[in-house]
Amino acid sequence: MQFSTAVRNATLDAIETAMGTAPKLRFYTGSAPANCAAAATGTLLLEITLPSDFMAAASGGTKTLSGTWQAAATAAGTAGYYRIYDSAGSTCHEQGTVTATGGGGDMTVDNPVLAVGQSVTVATKTLTAPNA
């Protein structure tokens, strides 16, 4: 099955819409749970309230972060995975791996080894639609 670029872009834009405005991005130590419905595991290292329009409009079957995603760590440890929750912080809509820039994770940051109070900036986050 293949979709047109217009359908792929609409699908990706619908993902952002479903997550809502100003969702919560959280980084945890360890490996991600089996799925978004499972409880988070590991230590919560930081939470970032994302901008209301947190992803750029989809283009060519991909969608990238928009605005600055940055916060200070509230706990020490190595970020292993992230979760994006609704604005209330109660429903997980997405999870994936975190690595340093160039490390190949689903999301990359300037430094995944965190100390309390350390500023963390998300470098890349891209959603890619199937057959894009």
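Here, each number is a calculation from the coordinates, and none is a lab measurement. These numbers come from a predicted model, not from an experiment. Because the Cβ atoms are built from the backbone with ideal geometry, glycine has one as well, and the counts that use them run over all protein chains shown.
By the gyration tensor of its Cα atoms, with a ≥ b ≥ c the square roots of the eigenvalues, what is the shape of region 10-84: rounded for a/c under 1.5, prolate for a/b over b/c, or oblate? All intermediate terms of the calculation are to be shown ahead of the outcome.
On the way: a/c = 2.33, a/b = 1.60, b/c = 1.45.
Taking the square roots of the gyration eigenvalues as a ≥ b ≥ c, region 10-84 is prolate.
Taking 7 Å steps out from each Cα toward its Cβ at Ile15 and Thr68 produces label points 2.6 nm apart. Taking the chain as a Gaussian network, Cα atoms linked when under 10 Å apart, which of Ala75, Ala100, Ala39 shows the biggest mean-square fluctuation? Between Ala75, Ala100, Ala39, it is Ala39 that shows the largest mean-square fluctuation.
For the chain, adding -39500 (n - 2.57) for each run of n ≥ 4 DSSP H residues and dividing by the number of residues yields -3500 deg cm²/dmol at 222 nm.
Rounded to the nearest 10 degrees, the angle from helix 5-19 to the longest Cα principal axis of the chain is 40 degrees. Among Thr68, Thr108, Thr99, whose mean-square fluctuation peaks in a Gaussian network model of the chain (Cα, cutoff 10 Å)? It is Thr68. Put a dot 7 Å past each Cα toward the Cβ at Ala56 and Thr121; how far apart are the dots in nm? If labels sit at Thr121 and Ala56, their model points lie 1.7 nm apart.
May I ask which residue of Ala38, Gly60, Leu50 lies farthest towards the positive end of the charge dipole of region 8-71, with charges of +1 (Lys, Arg) and -1 (Asp, Glu) on Cβ and the Cα centre as origin? So the residue furthest toward the plus end is Ala38.
Centre-to-centre, using Cα atoms only, region 50-77 and region 95-113 are separated by 13 Å.
For Thr97, what is the net charge nearby, where nearby means another residue's Cβ is under 15 Å from its Cβ and Lys, Arg count +1, Asp, Glu -1? Walk me through the numbers on the way to the answer.
On the way: positive: Arg26, Arg83, Lys125; negative: Glu94, Asp106.
For residues surrounding Thr97, the net value is +1.
Simple point charges give the picture: +1 on the Cβ of Lys and Arg, -1 on the Cβ of Asp and Glu, and for region 1-129 a dipole about the Cα centre of about 120 debye.
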